[in-house]
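Asks: The structure is given below, and queries will be raised subsequently.
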Amino acid sequence: MKTRTLQWTLAAALAAPLMAWAAPGHEGHGDHAGHGAGHATTAGRPGDPAKVSRTVDVQMDDSMRFTPAQVEVKAGETIRFLVVNKGKLPHEMVIGSMKELDEHAEMMRKMPDMKHTEPNQVNLAPGKRGAIVWTFDKPGTFAFACLIPGHKEAGMVGQLSVQP
């Protein structure tokens, strides 16, 4: 349990500079240091684990699909996505707008070995489990995808519908 707490503490500490970089008025992706910063705010914000409204189980596998492929939430809801990789390949789940996911996927194609941790994503080795706790602030249609090169292109994309 101490290891998981340490991992969450480290993730929060690493995310803080990215959140500051994503503040209004700071546009574009620039260099690697700013990679993904905007992904932490467009579809909402990192959620408080103590304020989770409900849990959604998500499976990823080598058929390049998420189960479920569509998730409906209400604006203001904090969701804990419990994600499991049932495949034999690494997979990830990244939350954002389709535009952000497309931009992020392009960056991943250019730097396929890049390792990163952001509050809107979880990267999982085969057979591993992880979680994203996310608060959806406003209504709209967002997405989640696996941005490992080739996976999104093969159809590994899901839809998030945030209702008022």
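Throughout, read-outs are computed from the coordinates displayed, never taken from laboratory work. Quantities reported herein were computed from a predicted structural model and do not represent experimental measurements. Every residue, glycine as well, gets a Cβ built from its backbone with ideal geometry; the counts of neighbours run over all protein chains shown.
Asks: For residue 158, which sequence-distant residues (separation of 5 or more, or a different chain) have an amide H within less than 5 Å of its own amide H, given hydrogens modelled in the peptide plane?
Replies: 144, 145
Asks: Now, a different point. Sequence-distant or interchain residues sharing an amide H contact under 5 Å with residue 75, placed H: which?
Replies: Those qualifying (amide H under 5 Å, at least 5 residues apart or on another chain) are 163.
Asks: Between residue 63 and residue 163, what's the calculated FRET efficiency when r is the beta-carbon distance and R0 is 30 Å? Round to 0.05.
Replies: 0.55
Asks: If I model a spin label as a point 7 Å beyond the Cα along the Cα-Cβ vector, how far apart are those points for residue 113 and residue 75 in nm?
Replies: 4.5
Asks: Please compute the length gained on full extension between residue 88 and residue 54, using 0.36 nm multiplied by the number of residues separating them and subtracting their Cα-Cα distance.
Replies: Answer, rounded to one decimal: 9.4 nm.
Asks: At q = 0.24, 0.25 Å⁻¹, what is the log10 ratio I(q)/I(0) for region 98-164, with the Debye formula run over Cα points and no solvent?
Replies: Log10 I(q)/I(0), no solvent term: -1.27, -1.33.
Asks: Now, a different point. Given axes a ≥ b ≥ c from the Cα gyration tensor, I'd like to know whether region 39-89 is rounded (a/c under 1.5), prolate (a/b larger than b/c) or oblate.
Replies: Here region 39-89 falls in the prolate category.
Asks: Past 28 Å, Cα to Cα: identify those pairs from 74/110; 74/152; 110/138, in the order given.
Replies: 74/110; 110/138
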